1. Could you pull out the residue among Thr81, Thr59, Thr129 that is of a type in the set (S, T, N, Q) and closer than 27 Å to Glu33 by Cβ?
2. Name the residue that is surrounded by the fewest Cβ atoms within 10 Å (Cβ to Cβ), counting only residues in region 103-137 that are of a type in the set (Lys, Arg) and either touching a residue at least 40 places away in the same chain (Cβ under 8 Å) or touching a Gly at 6+ places or on another chain (Cβ under 7 Å) (or both).
3. With the requirement that a residue be under 18 Å from Phe67 (Cα atoms) and charged (D, E, K, R), what does region 102-137 give you?
4. So in region 77-102, with the set limited to residues that are among the small types (Gly, Ala, Ser) and farther than 20 Å from Ala9 by Cα, which one is surrounded by the most Cβ atoms within 10 Å (Cβ to Cβ)?
5. Can you tell which of Leu54, Leu39 is out of contact with any Leu (no Cβ under 8 Å at 6 or more places or on another chain) and more than 23 Å from Leu137 (Cβ to Cβ)?
6. Filter region 10-50 for residues that are without any contact (Cβ under 8 Å) to a residue 12 or more places away in the chain and not in a loop (DSSP other than H, G, I, E, B); which is surrounded by the fewest Cβ atoms within 10 Å (Cβ to Cβ)?
7. Go through region 58-84 and count every residue that is in a helix (DSSP H, G or I) and either farther than 19 Å from Ala118 by Cα or in contact with a Phe, Trp or Tyr (Cβ under 9 Å, 6 or more places away or on another chain) (or both).
8. Here are some conditions: (1) within 16 Å of Ala5 (Cα to Cα); (2) in contact (Cβ under 8 Å) with a residue 60 or more places away in the chain. Trp94 meets all but one. Which one does it not meet?
Amino acid sequence: MPFPASHPALDRALSERGYAEPTPVQSAVLEAEQGRDLLVSAQTGSGKTVAFGLALAPTLLGEAEKFAEFGAPVALVIAPTRELALQVSNELQWLYAKTGARIVSCVGGMDPKVERQALNRGCHIVVGTPGRLRDHL
């Protein structure tokens, strides 16, 4: 089964990365009722991050081809570890690249001043760990 159409910019990103068919977890997330909270548990490498990125698109972008100007974040992704937060951020970077999304990572071990400057410049999506996000609040 090919990927169902989600958003033109994300569809192009998937195609360029060679995604032809959704994984089982991606199919389940994409078939879920829009606007509902999801709790997904699946193995590493199952495609959860891409699934969540695709599920967020209708809410974040609506019918727009690209994001509007930078301002307050419109999405927050909280990951339990630095490594996972950086991995999620990297996946969302390529998935949303053609939308003009600005994604900021906030994790321990990185310079908090640089993160604060990035947040102050504005962004669309913030990905971080609980501790570092608390520090910024």
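The values are calculated or read from the model by the stated rules, or taken from the named source; none is laboratory data. Everything numeric in this text was worked out from a predicted model, so none of it was measured. Cβ placement follows ideal geometry from the backbone for every residue including glycine, while neighbour counts extend to all protein chains displayed.
1. Working: Thr81 fails: closer than 27 Å to Glu33 by Cβ; Thr129 fails: closer than 27 Å to Glu33 by Cβ.
So the residue among Thr81, Thr59, Thr129 that is of a type in the set (S, T, N, Q) and closer than 27 Å to Glu33 by Cβ is Thr59.
2. Step one: of region 103-137, the residues of a type in the set (Lys, Arg) are 113, 116, 121, 132, 134.
With the extra rule that they be either touching a residue at least 40 places away in the same chain (Cβ under 8 Å) or touching a Gly at 6+ places or on another chain (Cβ under 7 Å) (or both), the set shrinks to 121, 132.
Values: Arg121: 10, Arg132: 19.
Result: Arg121.
3. The answer is Arg102, Arg121.
4. Pass one, region 77-102, residues among the small types (Gly, Ala, Ser): 79, 85, 89, 97, 100-101.
Then drop every residue that is not farther than 20 Å from Ala9 by Cα, which leaves 79, 85.
Values: Ala79: 20, Ala85: 24.
The selected residue is Ala85.
5. Values: Leu54 fails: out of contact with any Leu (no Cβ under 8 Å at 6 or more places or on another chain).
When all the criteria are applied, what remains is Leu39.
6. The initial filter retains those residues of region 10-50 that are without any contact (Cβ under 8 Å) to a residue 12 or more places away in the chain, namely 11, 15-16, 18, 31, 33, 36-37, 39, 41, 43-45.
If we keep only those that are not in a loop (DSSP other than H, G, I, E, B) too, we end up with 11, 15-16, 31.
Working: Asp11: 17, Ser15: 11, Glu16: 11, Glu31: 9.
Checked region 10-50; the qualifying residue surrounded by the fewest Cβ atoms within 10 Å (Cβ to Cβ) is Glu31.
7. 6
8. (1)
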